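Each remark here refers to the structure printed beneath this line.
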Amino acid sequence: MFDFQYYAPTRVVFGRGVEARTGSLLKELGAKRVLLHYGGSSAVRSGLLSRVAASLDEAGIAHTQLGGVVPNPRLSKVREGAKLAREFGADLILAVGGGSVIDSSKAIGYAVAEPDRDVWEIYDRRRTPRACLPVACVLTIAAAGSEMSNSSVITNEDTGEKRGYRNDLCRVKLALMDPELTTTLPPYQTAAGCTDILMHTLERYFTQGGNMELTDQIAEGLMRTVMKNALILRDDPANYDARAEVMWASSLSHNDLTGLGANGMDFVSHGMEHELGGMFDVTHGAGLSAVWPSWARYVYRDCLPRFVKFARTVMDVEGTSDEDTALKGIAALEDFFRSIHMPVTLKELGVEPTEEQILAMAASCARGAGGKKGTAKLLYEADMAEIYRMAR
């Protein structure tokens with residue numbers, strides 16, 4: 001194993017109806033003026049937003065609202081939110097939604113904390129932030145894991161670039177997690193969320209060394225649990241226990257727990273999906289399932305022991321040789337994605353990029369990664385372009 005540091009400062013309050021405690025819990029954090037940030041009409045239509053606002057009122061916390069966050073959250077909304085938060089004098093951003101809303105809130109937090117600097121400079125890696133306004137959340141979608149991670153992803157709609165950034169400054173202070181809030185999600189969104197959760201651990205699993213047995217068993221158990229409950233939710237969307245398992249897996253999969261002691265994180269599939277999201281505005285989880293099988297077949301020989309272990313312990317398949325076992329494991333995960341109606345090619349995703357677009361995405365992905373990326377196999381721009389071609 002390799003040395004590591006682990007930091008997970010988020011207070012989690014998990015269970016039925018916990019959103020009713022929002023005001024009292026934020027008061028404990030010292031919040032007095034809150035920007036309540038949310039996405040579309042579902043938070044309004046379901047009554048969740050009004051319940052949260054009433055809880056803030058009861059606690060004597062002043063608040064203003066900004067909705068309109070979309071999947072692949074936009075830089076323009078971040079700038080709008082930062083302006084509103086500064087004018088209101090907000091001392092905390094409260095995200096009511098899923099990963100997109102939380103990511104947008106984190107970016108607003110960066111922007112408010114340093115009002116004289118352009119927040120996009122952070123995501124474009126031209127500077128390191130020095131502060132971030134505190135962020136809390138009421139989680140409504142189990143997927144991104146942003147409620148316990150140090151990462152956020154923002155799309156610059158002017159340039160078509162989608163960029164992620166990791167820094168402990170933005171970690172959520174308080175996460176309120178009620179699995180019942182996810183029961184109204186469309187089946188496609190639930191499946192895409194389960195895919196994203198899986199991918200957060202898969203990206204940490206395929207490494208070249210330093211793996212700890214305990215970390216591996218946590219990672220493998222989490223992946224098996226997500227797949228089991230994704231199938232339950234496919235057939236029984238109202239199943240509370242399955243919703244709870246998936247929601248907690250979302251947090252554990254992206255708070256670094258499933259990668260401790262290893263030699264880093266791969267995240268090539270995420271980087272390549274970010275380019276798809278920036279160019280074609282695709283659903284994040286679906287974009288990941290469309291890219292991952294081609295990535296896996298491109299790199300597996302360079303990371304064969306891990307692919308064999310994954311096939312045996314997670315997918316429960318065995319082949320006639322190590323290589324055959326690895327390929328059977330990849331195919332088994334592909335079959336799982338199909339079983340929950342996720343795409344496994346770009347064409348199934350509804351995207352048919354031209355060669356020019358492939359080259360542009362590969363160049364942008366490589367540039368955003370500093371020229372190279374990967375732990376299973378170190379990949380460069382030409383490798384990324386080939387994986388896009390394989391995924392068509």
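For the reader, a short list of remarks on this structure follows.
- For the chain, Kirkwood radius (reciprocal of mean inverse C-alpha pair distance, Å): 21.1
- With the largest listed first and rounded to whole Å, the semi-axes of the equivalent ellipsoid of segment 152-229 from the Cα gyration tensor are 24, 21, 15.
- Residues whose amide H falls under 5 Å from that of Leu92, counting only those 5 or more places apart or on a different chain, are Arg33, Leu35, with hydrogens built in the peptide plane.
- Segment 51-114 versus segment 320-392: alpha-carbon centroid distance in Å: 34
- Solvent exposure ordering (accessible area, 1.4 Å, most first) of Cys303, Cys132: Cys132, Cys303
- When the Cα positions of Val291, Leu25, Ala143 are compared along the charge dipole of the chain, Leu25 comes out farthest toward the positive end, with charges on each C-beta of Lys, Arg, Asp and Glu.
- Of the listed residues Lys83, Lys106, the order by accessible area with a 1.4 Å probe, largest first, is Lys83, Lys106.
- For segment 168-210, the equivalent ellipsoid derived from the Cα gyration tensor has semi-axes of 26, 19, 7 Å, listed largest first.
- As a rough guide to protection, the peptides 30-41, 53-64 ranked by mean Cβ packing within 10 Å, highest first, stand as 30-41, 53-64.
- Shape summary of segment 164-278, radius of gyration then Dmax from alpha carbon positions: 14.8, 41 Å.
- Isotropic mean projected area of the C-alpha convex hull, segment 232-369 (nm²): 9.9
- Structure note, pairs Lys83/Lys372; Lys162/Lys377; Lys77/Lys228; Lys77/Lys373: Cα-Cα distances above 31 angstrom occur for Lys83/Lys372; Lys77/Lys228.
- Computed from phi, the 3J(HN,Hα) profile of segment 334-342 under the Karplus parametrisation 6.51, -1.76, 1.60 (θ = phi - 60°) reads 4, 4, 4, 4, 4, 5, 9, 6, 9 Hz, with x in place of Gly and Pro.
- In this Cβ point-charge picture (+1 for Lys and Arg, -1 for Asp and Glu), the chain has a dipole of about 840 debye about its Cα centre.
- GNM flexibility winner over the chain from Pro293, Pro186, Pro343 (Cα, springs under 10 Å): Pro186
- Toward the positive end of the charge dipole of the chain, with +1 on the Cβ of Lys and Arg and -1 on the Cβ of Asp and Glu, the farthest Cα among Tyr388, Ser364, Ala43 is that of Ala43.
- Lys32-Asp236 pseudo-label distance in nm [points 7 Å out on the Cα-to-Cβ vector]: 5.0
- Computed log₁₀ I(q)/I(0) - Debye formula, equal Cα scatterers, no solvent, segment 319-382, q 0.18, 0.25, 0.26 Å⁻¹: -0.95, -0.97, -0.97
- Most to least packed among 142-148, 379-385, 262-268, 11-17 [average Cβ atoms within 10 Å]: 142-148, 262-268, 379-385, 11-17
- Based on the Kirkwood approach, the hydrodynamic radius assigned to segment 127-192 is 13.8 Å, with every pair of different Cα atoms included.
- Dipole in debye (nearest 20) - segment 90-220, about Cα centre, beta carbon charges: Lys, Arg +1; Asp, Glu -1: 320
- When the trypsin sites (Lys or Arg not before Pro) in segment 111-207 are filtered for DSSP coil states and for at most 15 other beta-carbon atoms within 10 Å of their beta-carbon, the remaining sites are Arg117, Arg125, Arg126, Arg127, Arg130.
- Distance histogram in 10 Å bins (all Cα pairs of segment 6-78, percent per bin): 17, 42, 36, 5
- Modelled label positions at Thr183 and Thr313, each set 7 Å beyond Cα in the direction of Cβ, lie 3.6 nm from each other.
- Relative contact order (percent, whole number), segment 331-392, Cα cutoff 8 Å, 6+ residue spacing: 33
- Proportion of all alpha-carbon pairs of segment 4-142 beyond 18 Å (%): 54
- Whether segment 81-121 is rounded, prolate or oblate, judged on the alpha carbon gyration tensor where a/c under 1.5 counts as rounded: oblate
- Per-residue accessible area (protein heavy atoms, 1.4 Å probe) orders Thr184, Thr313 as Thr184, Thr313, starting from the largest.
- Adding -39500 (n - 2.57) for every DSSP H run of four residues or longer, then dividing by how many residues the chain holds, sets the calculated 222 nm ellipticity at -15500 deg cm²/dmol.
- Listed residues Gly68, Val268, Leu327: farthest to the positive end of the dipole of the chain (Cβ charges): Gly68
The values are calculated or read from the model by the stated rules, or taken from the named source; none is laboratory data. Note that the coordinates shown come from a computational prediction; the quantities given were computed from them, not determined experimentally. Neighbour counts are summed over all protein chains in view; Cβ atoms, including those assigned to glycine, are modelled from backbone coordinates with ideal geometry. Surface areas here come from the heavy atoms of the whole protein model, side chains and all, with no ligands, DNA or RNA. Shrake-Rupley method; radii C 1.70, N 1.55, O 1.52, S 1.80 Å.
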